[in-house]
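Worksheet: the structure to be examined is printed underneath.
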Amino acid sequence: MVNTIVDLNGLKLKNPILTASGTFGYGTEYSDFVDLEKLGGFIVKGTTINHKEGNPYPRMAETASGMLNAVGLQNKGVNYFKSKIYPEIENLDTNIIVNVSGSSIEDYIACSEIVNDLSHIPAIELNISCPNVKEGGMAFGTSAKAAFDVVSQVRKAYGKHLMVKLSPNVTDITEIAKAAEDAGADSVSLVNTFMGMAIDINTQKPLLSTVTGGLSGPCIKPIALRMVWQVAKAVNIPVVGLGGIMNAADAIEFMLAGASAIQVGTANFIDPDITIKILDGIHEYMKEHNIDDINDIVGII
């Protein structure tokens, strides 16, 4: 038997496989394809304090080796999650993590406080890629000071594991990671999507209603991998890696670069049971290379 248990600063996962927010719904949508209890955990879609309709259609577009999305955090709000969704998933034997989003620090705090009271939710993933409406729309995660401010305030209100999801749309992602660590984050996850766009040359119009959107998929993997490697060397808290992970080899690369766990995102749209295939592939890799403990390979690059 090989050991795949990882400890993210007190948040214990039976294996390093998580799902990326926004690509796995609330978990129940994938339960016909995936035994959710085999995963290290899953991260539910972005949750806000109030109901959000999201952006107008079209809001998804395929690109070479990836996809663009501008869904806009469509969800029915944290109280809907608490009353309708949580009772359906609370007894699952895995880690359920809520991705918390907001347009002001007050929104983040209010949403986090409600999730804090849910006994079977051991962690939140704070999405600081959201625009700060009180500061002219600049994303919280593109400024070290803004990142520190929102993380530190949520840290005061939230008593469980606080994972902070970092935006790659910055000059130096290590500065933002260190600010999150200094503010009390228990771990960081990276990367969120890159800003991109696509145009239909026949209609001569953008393919997304919002013109720009978030680029994900295998096309971003080399850049995401580099950022994970940089951040893992810059902070003393665990790093969760994501960005274009499509198979077990990709996941292992991220762990070698310094990720203690990984998230699978866009690949879920292509193959709904890809997470289990990646887990099986990691087991095979460990046996083939005589690795008894998955933690032994973390950050050896």
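Just name the residue that is farthest from ASP186 (Cα to Cα) out of those in region 109-132 that are among the small types (Gly, Ala, Ser) and crowded, with 20+ Cβ neighbours inside 10 Å. Among those residues, the one meeting the criterion is SER129.
Kindly check whether there is at least one residue in region 130-149 that is more than 17 Å from the chain's Cα centre (by Cα) and touching a residue at least 40 places away in the same chain (Cβ under 8 Å). The answer is yes, given that some residue of region 130-149 is more than 17 Å from the chain's Cα centre (by Cα) and touching a residue at least 40 places away in the same chain (Cβ under 8 Å). Within region 1-40, the set of residues being in a strand (DSSP E or B) and among the β-branched types (Val, Ile, Thr) comprises VAL6, ILE17, THR19. Counting only residues that are surrounded by fewer than 16 Cβ atoms within 10 Å (Cβ to Cβ) and either within 11 Å of THR63 (Cα to Cα) or more than 19 Å from the chain's Cα centre (by Cα) (or both), region 193-209 holds 8 of them. Looking across region 38-53 at every residue that is farther than 23 Å from ILE282 by Cβ, surrounded by fewer than 24 Cβ atoms within 10 Å (Cβ to Cβ) and not aliphatic (A, V, I, L, M), the one that is nearest to the chain's Cα centre (by Cα) is identified as LYS45. Can you say whether GLY243 is buried (at least 24 other Cβ atoms within 10 Å of the Cβ) and on the phi > 0 side of the Ramachandran plot, as far as the supplied structure shows? When the stated conditions are applied, GLY243 passes them. For region 251-301, what are the residues that are touching a Gly at 6+ places or on another chain (Cβ under 7 Å) and either part of a helix (DSSP H, G or I) or farther than 24 Å from ASP186 by Cα (or both)? Correct list: PHE254, THR266. Only one of SER143, SER152, SER129 is of a type in the set (S, T, N, Q) and touching a Ser or Thr at 6+ places or on another chain (Cβ under 7 Å); which? Within the list SER143, SER152, SER129, the selection yields SER129. Among the residues of region 133-150, those identified as closer than 17 Å to PRO168 by Cα and either surrounded by 17 or more Cβ atoms within 10 Å (Cβ to Cβ) or at pLDDT 90 or above (or both) are ALA139, PHE140, GLY141, THR142, SER143, ALA144, LYS145, ALA146, ALA147, PHE148.
Scanning region 167-185 for residues being out of contact with any helix residue (DSSP H, G or I) (no Cβ under 7 Å at 6 or more places or on another chain) and assigned to a loop (DSSP other than H, G, I, E, B) gives a total of 2. Whenever a residue of region 2-17 is at pLDDT 95 or above, its partners that are assigned to a strand (DSSP E or B) and surrounded by fewer than 14 Cβ atoms within 10 Å (Cβ to Cβ), lying with C-beta atoms within less than 6 angstrom and at least six residues away or across chains, give the pairs ASN3/ASP293. Looking only at residues in region 151-166 that are crowded, with 24+ Cβ neighbours inside 10 Å and in a helix (DSSP H, G or I), the one that is farthest from the chain's Cα centre (by Cα) is VAL154. Pull up region 243-278, narrow it to residues that are out of contact with any helix residue (DSSP H, G or I) (no Cβ under 7 Å at 6 or more places or on another chain) and among the aliphatic types (A, V, I, L, M), then point me to the one that is farthest from THR28 (Cα to Cα). Once the filter is applied, the top-ranked residue is ALA249. Restricting SER103, SER65 to residues that are surrounded by 17 or more Cβ atoms within 10 Å (Cβ to Cβ) and closer than 28 Å to PRO206 by Cβ narrows the list to SER103. The criterion of at least 1 residues that are among the hydrophobic types (A, V, I, L, M, F, W, C) and closer than 18 Å to TYR26 by Cα is met, among strands (runs of 3 or more DSSP E) falling completely within region 41-145, by 41-47, 95-100, 123-127. Could you tell me whether region 168-187 includes any residue that is more than 30 Å from GLU113 (Cα to Cα), buried (at least 21 other Cβ atoms within 10 Å of the Cβ) and among the hydrophobic types (A, V, I, L, M, F, W, C)? The answer is no; no qualifying residue exists. For the criterion of being over 17 Å from the mean Cα position of the chain (by Cα) and crowded, with 18+ Cβ neighbours inside 10 Å, GLY217 fails.
The values are calculated or read from the model by the stated rules, or taken from the named source; none is laboratory data. Quick caveat, the model's predicted, so the values are computed rather than measured. So basically every Cβ, Gly included, is an ideal-geometry build from the backbone, and we count neighbours across all protein chains shown.
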